[in-house]
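Worksheet: one structure, shown below.
Just so it is clear, none of the values below were taken in a lab; they were calculated from the coordinates. The model shown is predicted, which means the values in this text are computed figures rather than measured ones. Note that we place each Cβ from the backbone using ideal geometry, even for glycine, and neighbour counts take in every protein chain shown.
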Amino acid sequence: CDGLPFVVVVGKTRRDLDGLKKKLAGAVWKKELIGKFIFASTTEGKDLAPIKGAKFSTGIIVIKPDAYGLKGTVITKIGSRVSADKLEKALLDAAKKFLRTAKSHRDHVRQGRRAGLEWKPEVPVPSRRRSRR
């Protein structure tokens, strides 16, 4: 986990997601919010199962992730009919509430391995072999 809160756009349909993402884009590219969150979206209720306090309803959820980003706790829920101003304020408030935890990469990886956790990238990592000329 990158140590940032997650903003998850939740919708029952693609259309729900698209509308909320458009609304969200108007807020998150403002100077005060750039780089404060990691973003995701879902139309699947099962994706929210590891998140304490999350319910599957159309809207935006801001989540405090656990140390490995596999579970989390809801910081705030934002309804789908939120105005642009209230959305921006809710995100600013959530960013202020969130305290980032400093980590040592080596210790973090070691503790994760001891706990049986393994990170796999969503996008395959290319081979790191160097060609000889």
Using DSSP, restrict attention to beta bridges with both residues in region 6-114 and report what percent are antiparallel, rounded to the nearest 5. 65
For the charge dipole of the chain, defined by +1 on Lys and Arg C-beta atoms and -1 on Asp and Glu C-beta atoms about the Cα centroid, which residue among 104, 10, 34 has the Cα displaced farthest towards the positive pole? 104
Which value, in debye to the nearest 20, describes the size of the charge dipole of the chain about its Cα centre when Lys and Arg Cβ atoms bear +1, Asp and Glu Cβ atoms bear -1, and nothing else is charged? 580
With springs only between Cα atoms under 10 Å apart, run a GNM on the chain and tell me which of 42, 73, 13 wobbles the most. 13
For the peptides 85-93, 24-32, what is the packing order when you average, over each peptide's residues, the other Cβ atoms within 10 Å and list the highest mean first? 85-93, 24-32
For residue 103, go through the lysines and keep the ones whose alpha-carbon is under 21 Å away, minus same-chain ones fewer than eight residues off. 36, 64, 71, 120
I want the local charge near residue 15. Using Cβ-Cβ distances under 14 Å, sum +1 for each Lys or Arg and -1 for each Asp or Glu among the other residues. +3
The Cα extents of the chain along the principal axes, largest first and rounded to whole Å, are 55, 36, 32
At q = 0.22 Å⁻¹, what is the log10 ratio I(q)/I(0) for region 16-65, with the Debye formula run over Cα points and no solvent? -0.91
Among the lysines, which fall within straight-line cross-link reach of residue 31, defined as a Cα-Cα distance under 21 Å, with same-chain neighbours fewer than 8 residues apart omitted? 21, 22, 23, 86, 89, 96, 97
